[in-house]
Amino acid sequence: MTLLSLKLIWGMFIMLRVNGIQVGYGNMAVIRDVSFRVDKGEIVTIVGSNGAGKSTILKSIVGLVGLKKGNIEFMGEDMGKYQPHERIERGIVLVPEGGKVFGRLTIKDNLYLGSYKYRKEDKSVIEERIEEVMEIFPVLKERYHSRADTMSGGERQMLAMARGLMGNPELLMLDEPSLGLAPKIVDKIFEVIQVIHSKGVPILLVEQQIHRALEIADRGYVLQDGVIVLEGSGQELLNSELVKKAYLGM
Amino acid sequence: MEKGKHLYYVVLVVLAIVFPIVFNVPFVQHVAIMVFMYGMLAESWNVIGGYSGLFSFGQAAFFGIGAYTSTLLYMQLGLTPWIGMIAGGLVAIAAGIAIGYPCSKLKGHYFAIATIAFAWIINILFTNWSFVGAATGLSPELAPADSWYAFQFRSSKLPYYYIGLFLMLLTVYVVNKVIKSKTGFYLRALGENEEVAASLGVNIAKYRLISISIASFFTAVAGSFYAQYVLYIDPPSVLAHFLSVEIVLIAMFGGSGTIWGPIWGALILVPLSQYARAIWGGMGSGLDIMVYGFVIMVFSIFRPRGVVSFFIRK
């Protein structure tokens, strides 16, 4: 069996494989020797306190931040040679933290921007996709022609996630989707994450709301000061002494 | 509604056409020509600074490249400045890509600093390069009479007026078309939030270069036009840092990120600058520049979104 065919079989089960990456700014290493994987159909979460380096990991996967060491494989292919837009063409989609939307553009335009990789397709393909996405986020339908900066924080987060889904992701990466939102809205966001997952989209979730994230995750990793200190199933991590003591105040 | 809007533009263009016939005063016509030229420059900058979020403070480099290219082609090869104008635009695109590509990862202030440095390098290079006339500058041979081939008109400013008006309207038309196209859509996304645009797969480097190319081309065309208008160019007149600053000021004053904002900026600031210079410039006290600066300062405090904010309801 050739190396290529082995890689292809490997890629059938493992969506993303991060191998010993080191990321830093100048001489300072923010992420050190981090390895993890996301398999098909999984929700995997990376949890940790503010400043642990969670967002940096996501940015490095999509290519917005360069690696100093290690490599990232997506569906069996090394991503090192690809620019951010080429990685996204291959199906990795990042929804940045803080519900970042294009405030001066309408909801419709924001969704169209999410379909960048289908820009050469017929308009009807994109409109069909918008319809599908708005079934998950009905609130967007009501305000379709409004400017995004007129929306509440929760609605913006919904829009950011919907925009991410417009790219028909093979892997959806959510960066702190609950950041700065009221508990009721957070409930809604987590419900939506499960709906997206039920449609077969693997999710890599980065969160500070550790309990909520581990509850819905198949597997999780605990990140401290740029290093993974613990890994296991969501339930295992919830029961671990380290997580209870350091993050859940128990 | 759309029909009414078109009629409004037609009326404005007709007014612009009859203006120099009604006000047949050379100085007034000169001011109008400068309005068109600066309107064109500010509109070009608007593509990068207003829509794409790239603050360039080095547009004088492209203006100078346009001016020098058409003048040199005319002086060395006898090529009509009309073709020289296009050639200048193309050379400026090449220069824009040459500076834009290595700077494709620079953001905000760092990009602005890189453009300032680039403009200074071009200025110093041209000041010391004997082939382009060095500090002495270049002055093409004067045609014996008004000539369309040589792009020289000395009996009247009217040809310059109408050419300037046409070039400005052409720039507005092209920028409007680009901004309303799919490309413009991605440029605006880039200007709003580059990182989010990148996370959606928008090819940042490609759209940055498109934006820089459009702005460089029209800035250089304005440079060629200016060179033919004054028929003498040297680094302080076409590569001056203050020119880069003026372009940004006019666009911001009128309202960057809107199609008509930069034109409004030119319509107000250029006559103000020209008349202030004519009235107080000879006193040697710098009063003209003080008045100019004071108006910009006060207006920026009360109308930070520019003149167009009077017309935009939010």
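The values are calculated or read from the model by the stated rules, or taken from the named source; none is laboratory data. What you are looking at is a predicted structure, and each value in this text was computed from that prediction instead of being measured. Using ideal geometry, Cβ is built from the backbone for each residue, glycine included, and neighbour counts are taken over all protein chains shown.
Here are the numbers for the structure shown:
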{"item": "Flag for A:SER124 being more than 24 Å from A:LYS40 (Cβ to Cβ) and in contact with a strand residue (DSSP E or B) (Cβ under 7 Å, 6 or more places away or on another chain)", "result": "no"}
{"item": "Any hit, the range B:187-205, residues being buried (at least 16 other Cβ atoms within 10 Å of the Cβ) and within 23 Å of B:TYR232 (Cβ to Cβ)", "result": "no"}
{"item": "Any hit, the range A:180-197, residues being under 22 Å from A:GLY20 (Cβ atoms) and in contact with a helix residue (DSSP H, G or I) (Cβ under 9 Å, 6 or more places away or on another chain)", "result": "no"}
{"item": "Meets criteria (more than 14 Å from chain A (Cβ to nearest Cβ), surrounded by fewer than 18 Cβ atoms within 10 Å (Cβ to Cβ) and in a helix (DSSP H, G or I)) for B:PHE217", "result": "no"}
{"item": "Tally, over the range B:133-157, of residues that are assigned to a helix (DSSP H, G or I), in contact (Cβ under 8 Å) with a residue 12 or more places away in the chain and surrounded by 14 or more Cβ atoms within 10 Å (Cβ to Cβ)", "result": "0"}
{"item": "Test: residue in the range A:18-32 that is under 16 Å from A:ILE228 (Cβ atoms), touching a residue at least 60 places away in the same chain (Cβ under 8 Å), crowded, with 23+ Cβ neighbours inside 10 Å and more than 14 Å from chain B (Cβ to nearest Cβ)", "result": "yes"}
{"item": "Some residue of the range A:178-192 being under 15 Å from the mean Cα position of the chain (by Cα), within 14 Å of chain B (Cβ to nearest Cβ), surrounded by 14 or more Cβ atoms within 10 Å (Cβ to Cβ) and not basic (Lys, Arg)", "result": "no"}
{"item": "Those residues of the range A:150-165 which are within 11 Å of A:VAL95 (Cα to Cα) and within 11 Å of chain B (Cβ to nearest Cβ), in sequence order", "result": "A:ALA160, A:ARG163, A:GLY164"}
{"item": "Residue check for B:ALA205: within 21 Å of B:THR171 (Cβ to Cβ) and either in a helix (DSSP H, G or I) or of a type in the set (Phe, Trp, Tyr) (or both)", "result": "no"}
{"item": "Breaking point among (1) away from every other protein chain (no Cβ under 14 Å); (2) over 29 Å from A:ARG212 (Cβ atoms); (3) assigned to a loop (DSSP other than H, G, I, E, B), for A:ARG104", "result": "(1)"}
{"item": "Subset of the range A:108-141 that is of a type in the set (S, T, N, Q) and under 22 Å from the mean Cα position of the chain (by Cα) - its residue that is farthest from A:ILE88 (Cα to Cα)", "result": "A:ASN110"}
{"item": "Any hit, the range A:221-228, residues being more than 20 Å from A:GLY180 (Cβ to Cβ) and free of Cβ contacts under 8 Å to residues at least 60 places away in the same chain", "result": "no"}
{"item": "Residue among B:GLY39, B:GLY53, B:GLY4 that alone is part of a helix (DSSP H, G or I) and in contact (Cβ under 8 Å) with a residue 24 or more places away in the chain", "result": "B:GLY39"}
{"item": "Identity of the residue in the range A:91-101, out of contact with any strand residue (DSSP E or B) (no Cβ under 6 Å at 6 or more places or on another chain) and within 18 Å of A:MET134 (Cα to Cα), that ends up nearest to the other protein chains (Cβ to nearest Cβ)", "result": "A:VAL101"}
{"item": "Single residue of A:ARG147, A:ARG143 found to be at the interface with chain B (Cβ under 10 Å from one of its Cβ atoms) and more than 16 Å from B:GLU195 (Cα to Cα)", "result": "A:ARG147"}
{"item": "Qualifying positions in the range A:116-133 - closer than 10 Å to A:GLY167 by Cα and hydroxyl-bearing (Ser, Thr, Tyr)", "result": "A:TYR116, A:TYR118"}
{"item": "Search result, residues across the range B:192-222 that are touching a residue at least 24 places away in the same chain (Cβ under 8 Å) and touching a Lys or Arg at 6+ places or on another chain (Cβ under 9 Å)", "result": "B:GLU192, B:GLU194, B:ILE204, B:ALA205"}
{"item": "Residue satisfying condition, being modelled with pLDDT under 95 and within 26 Å of B:GLN228 (Cα to Cα), within set B:SER56, B:SER70, B:SER104, B:SER52", "result": "B:SER56"}
